[in-house]
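Undergrad: My questions will all concern the structure given below.
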Amino acid sequence: MKKVLLLILALFFQFSFAQESEIQMTIGKFFNAFHQRDSIALKKVCSENLVLHSISESEKESKFSIQKASDFYKSIATIPLTMKFEEKILSFKVQIDGSMAHVWTPYEFYVNDKLSHSGVNSFQLYKENDGWKVVYILDTRRK
């Protein structure tokens, strides 16, 4: 009986690790496409109903903003090639419940090798037939 229980636990942890790896790969593809200014590749890892929200924080106030997915893709594709930018992900925290996942990623954002801002990305993902898709992004931004 102990062997059966250990086998079930081992399979459960292997499945959970595989799911988490797939989700991290999806987020990795998102950022690779983002850094390459490739809106077509971004669309492949995002739901067609992607929702984007941001919270800009300063000492004086917090500002909540909404961005349409179409505007997001256009803004990425039109970043000047002369501008160097990188969003450095500091860590991943993944939570999964069936076909839903949440990924928490603290980050630092650099423009031309200078720290522009930092914050946290909160990604919501949904598992479709062809893999995990980003359906919602909420991020914080602090100077």
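The values are calculated or read from the model by the stated rules, or taken from the named source; none is laboratory data. Keep in mind the model is a prediction, meaning the values are calculated, not measured. Cβ coordinates were reconstructed from backbone atoms using ideal geometry, including for glycine residues, and neighbour counts include every protein chain displayed. For accessibility, only protein heavy atoms count, side chains too; no ligands or nucleic acids. Shrake-Rupley method; radii C 1.70, N 1.55, O 1.52, S 1.80 Å.
Undergrad: About the Cα centre of the chain, how large is the charge dipole given +1 on each Lys and Arg Cβ and -1 on each Asp and Glu Cβ? Please answer in debye to the nearest 20.
TA: The dipole of the chain has a size of about 100 debye.
Undergrad: At 1.4 Å probe radius, can you tell me the per residue accessible area of the chain in Å²? Present the calculation step by step, with values, prior to reporting the outcome.
TA: Values: 9710 Å² over 143 residues.
For the chain, the per-residue accessible area is 68 Å².
Undergrad: Run the numbers for S70 and V51: contour at 0.36 nm per residue of separation, minus the present Cα-Cα distance, in nm.
TA: The S70-V51 span can extend by a further 5.8 nm.
Undergrad: Using a 1.4 Å probe on the protein heavy atoms, what percent of the accessible area of the chain belongs to carbon and sulfur? Each step should come with its number before you reach the end.
TA: Working: 5620 of 9710 Å².
That fraction is 58 percent.
Undergrad: Do any of K60/K93; K68/K88; K29/K88; K43/K143; K43/K133; K44/K114 go past 20 Å between their Cα atoms, and which?
TA: Beyond 20 Å between Cα atoms: K60/K93; K68/K88; K43/K143; K44/K114.
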